[in-house]
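Structure first, then comments.
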Number of protein chains: 2
Amino acid sequence: MVVKVYGPEYASSKRVIVTLIEKEIEFEVVDVDAFKGENKSLDYLKLQPFGLLPAIQDGDYTLFESRAIIRYYAEKYKSRGTELFGKCYLLFPFHQQWLEVEAHNFNPPLNTLVIHTIFSSKLGITPDQKVIQENEVKLGKVLDIYEERLSTNKYLAGDFFSLADLSHLQLGHYLLNGAGKEYMIRDRKHVSAWWDVISNRPSWKKVLQLFPYLN
Amino acid sequence: MVVKVYGPEYASSKRVIVTLIEKEIEFEVVDVDAFKGENKSLDYLKLQPFGLLPAIQDGDYTLFESRAIIRYYAEKYKSRGTELFGKCYLLFPFHQQWLEVEAHNFNPPLNTLVIHTIFSSKLGITPDQKVIQENEVKLGKVLDIYEERLSTNKYLAGDFFSLADLSHLQLGHYLLNGAGKEYMIRDRKHVSAWWDVISNRPSWKKVLQLFPYLN
């Protein structure tokens, strides 16, 4: 079965695609340009009623919400490709925990930062320096906690790469490419080393090669 | 093993406690009062470095992020108490999907609404009518999609109660208790019927009885 991924150029879609590559699952892409409002077309809304990217089709399944999709494939094809919930059952709750930390602590300030530093003109908004600064401070505090965590663990959930790490790639990438905030990664020794390890995975390099926007 | 839940009076903690009751897992609670800043004490930060509620301790595990905790117990004790990822494996991705929808579409506008209508004085902020109105509109659009979904499915992920439904209880409760926005549930026939079914579960009634704030 070939998985169809809608809107491959967008950040959350890349979270899905890097997972499919890690799990060695074949996929094809369907362009949906949110900047042109194609995500609000009636056809797309039939797939994703909230008009958000991505959505996927896999046989009879239509699914949306990128972290739901990656959890699904990590569970469904547990022993195929990379074991993205890890080899040790005892660590399972920590994968869950750090994946939620990414969603609720790392993602929100970084998403705002990226909108105001990279996508403001495309979105027709005026970059707000106060918003940028506030979110930089918020994200810095989150990364300080990551620094502490990664001083005793190679990866967020423990000693091996998992969904919890992978989920940071697509927005984290913009910190070093486009947002001009490289220092936030590089000034933190353990975060920096972790970033180099996860962003050098062949799966992520492949994503950037296929969808090179701001690469 | 008795699970220790920190900060039981808070919304996200109730998400955990209702899950523990559904799964028939014994628990005890430790009061942490965020309004008094106890969540920023050094002792609590050792458990939850971001200073957020809840955190739990279960034997050697210390865990945080409520949706990570509920996923963990739903998986670990699959066949004990209520099967919260359901009896049908084919529906597994939809539980994941609607649990993410709750986290990323339902929760953010409702959380802002609740802060500005119920907790503003405790938090020392002035209720902002514009913010209330904007988030009411946002939440209304989300509930319109729920209405459509629930017109063909008894529960969000399909024909039985799951984590995806359960996760709405603790903030949804405030819409009808304290926020004065009962109409948002009651004016939508299928959402209203769904709400009555999930909020009448003995587990949720027990939570409200144990932690009656704004009940």
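Values quoted throughout were computed directly from the atomic coordinates according to the rules given, and no laboratory measurement underlies them. Everything quoted here is computed from the prediction, not taken from an experiment. Because the Cβ atoms are built from the backbone with ideal geometry, glycine has one as well, and the counts that use them run over all protein chains shown.
Listing for the model above:
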item: Cut-off under 5 Å, modelled amide H: who pairs with A:F160 long-range; result: A:Y155
item: Antiparallel %, DSSP beta bridges [both residues in chain B], to 5; result: 60
item: Integer Hz, Karplus 6.51/-1.76/1.60 couplings in order for the range B:178-191, x for Gly and Pro; result: x, 7, x, 10, 3, 4, 5, 8, 5, 7, 10, 3, 6, 4
item: Interchain or long-range residues, amide H under 5 Å from A:V30's placed H; result: A:V5, A:Y6, A:G7
item: Principal axis dimensions, largest first and in whole angstrom, of the protein assembly as shown by Cα; result: 55, 50, 47
item: Residues A:E28, A:E22 arranged by fewest to most Cβ contacts within 10 Å; result: A:E28, A:E22
item: Per-residue mean of C-beta atoms belonging to partner chains within 10 Å, peptide B:60-73; result: 5
item: Hits among lysines - C-alpha to C-alpha of A:K40 under 25 Å, sequence gap 8 or more where chains match; result: A:K4, A:K14, A:K122, B:K138, B:K141
item: The range B:70-215, relative contact order [Cα under 8 Å, separation at least 6], %; result: 26
item: Reach of A:K154 by Cα under 18 Å, taken over lysines that are not fewer than 8 positions away in the same chain; result: A:K87, A:K189
item: Integer Hz, Karplus 6.51/-1.76/1.60 couplings in order for the range A:68-85, x for Gly and Pro; result: 5, 5, 5, 5, 4, 5, 5, 7, 5, 10, 3, 9, 9, x, 6, 7, 7, 10
item: Neighbour-count ranking [beta-carbon atoms within 10 angstrom, fewest first] of B:H173, A:H190; result: A:H190, B:H173
item: Unit charges on C-beta of K, R, D, E only; dipole of the range B:89-206, Debye; result: 300
item: The range A:3-84: relative contact order in percent, alpha carbon pairs under 8 Å with at least 6 residues between; result: 36
item: Loop trypsin sites (Lys or Arg not before Pro), the range B:99-162, which have at most 15 other Cβ atoms in a 10 Å radius of their Cβ (DSSP); result: B:K154
item: Compactness relative to 2.2 N^0.38 Å, alpha carbon Rg of the range B:1-83; result: 1.05
